[in-house]
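These notes are about the structure you will find just below.
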Amino acid sequence: MQAARGASLSDAHTGPESDVRPVRWAEFATVAVLLLVIDQLTKLWAVATLVPGQPQELIGSVLQLNIIRNPGAAFSTGTGFTWFFTTLSIVATIGVLWFARRARHRGWAFALGILVAGISGNLIDRLLREPGFYVGHVVDFLQLPNWPIFNVADMCINVAAVMIVILSFKGIGLDGSVDGGAADKAKDKTEDASEGEAT
């Protein structure tokens, strides 16, 4: 059966709505849950196995296992404001979940899943670990030379940040659309710079 002007019924339904991609909940949730479980299991292992002040070599002196309890943020800053970092983590987690419901691009689903795993991994520590609810200390146990001791959740946050920067630089939106304008502007700047050097 044909629609008006010879177009098929299937063609009649094509339009902006038919191009909308499904939300990538499965990818987002799988990545988030998997990395959160890994973070919590490694912390449980570190607490049960490692002794504070007695680092152990994992990959020579490049990567050592050295457990500490961090009440603050990176580089042990803000150690007296654990409650603030807990509140900030809760707000950030809600924000990431809000953005995730709009993610229709696999890259964004992975990036946001990794990010929420990192934020919530340390949030669980602040909520449930000693010295008490909402002011718990984060378990850190991975140490690189000349770098603050960190954990799997910290790694997730940094990896997600890099992914988000790359996706944004490429002009890829949460819905999977590509902003060609961003790439064109970068190209124009490069061409202008080349012309300036030529003159």
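The values are calculated or read from the model by the stated rules, or taken from the named source; none is laboratory data. If you're wondering where the values come from, they're calculated on a predicted model, not measured in any experiment. We place every Cβ from the backbone using ideal geometry, glycine too, and count neighbours over all the protein chains shown. Quick note on the areas: whole protein, heavy atoms, side chains included, nothing else; ligands and nucleic acids left out. Shrake-Rupley method; radii C 1.70, N 1.55, O 1.52, S 1.80 Å.
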Test: residue in region 109-117 that is touching a helix residue (DSSP H, G or I) at 6+ places or on another chain (Cβ under 7 Å) and either basic (K, R) or assigned to a loop (DSSP other than H, G, I, E, B) (or both): no
Which listed residue is modelled with pLDDT under 95 and aliphatic (A, V, I, L, M), from A29, A4, A48: A4
Name every residue in region 75-108 that is free of Cβ contacts under 8 Å to residues at least 60 places away in the same chain, of a type in the set (G, A, S) and assigned to a loop (DSSP other than H, G, I, E, B), in order of residue number. G78, G80
Could you tell me whether D125 is closer than 14 Å to G72 by Cβ, open to solvent by less than 50 Å² (accessible area, probe 1.4 Å) and part of a strand (DSSP E or B)? no
Is there a residue in region 176-193 that is polar (S, T, N, Q) and at pLDDT below 90? yes
Please identify the pairs in which a residue from region 20-33 that is over 14 Å from S120 (Cα atoms) has its Cβ atom under 7 Å from the Cβ atom of a residue that is of a type in the set (S, T, Y) and open to solvent by less than 40 Å² (accessible area, probe 1.4 Å), counting only partners at least 6 apart or on another chain. none
Need pairs with beta-carbon distance below 9 Å; first residue within 18 Å of L112 (Cβ to Cβ) and aromatic (F, W, Y) and within region 168-186, second modelled with pLDDT under 95 and surrounded by 14 or more Cβ atoms within 10 Å (Cβ to Cβ); sequence gap 6+ or separate chains. F169/A182
So which residues in region 87-111 are within 16 Å of D154 (Cβ to Cβ) and hydroxyl-bearing (S, T, Y), if there are any at all? S89, T93
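Confirm whether L112 is touching a residue at least 24 places away in the same chain (Cβ under 8 Å), within 18 Å of the chain's Cα centre (by Cα) and farther than 17 Å from K43 by Cβ.
Numbers: touching a residue at least 24 places away in the same chain (Cβ under 8 Å): yes; within 18 Å of the chain's Cα centre (by Cα): yes; farther than 17 Å from K43 by Cβ: yes.
Considered against the rule, which asks whether it is touching a residue at least 24 places away in the same chain (Cβ under 8 Å), within 18 Å of the chain's Cα centre (by Cα) and farther than 17 Å from K43 by Cβ, L112 comes out as yes.
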From the options N146, N158, residue that is in a loop (DSSP other than H, G, I, E, B) and polar (S, T, N, Q): N146
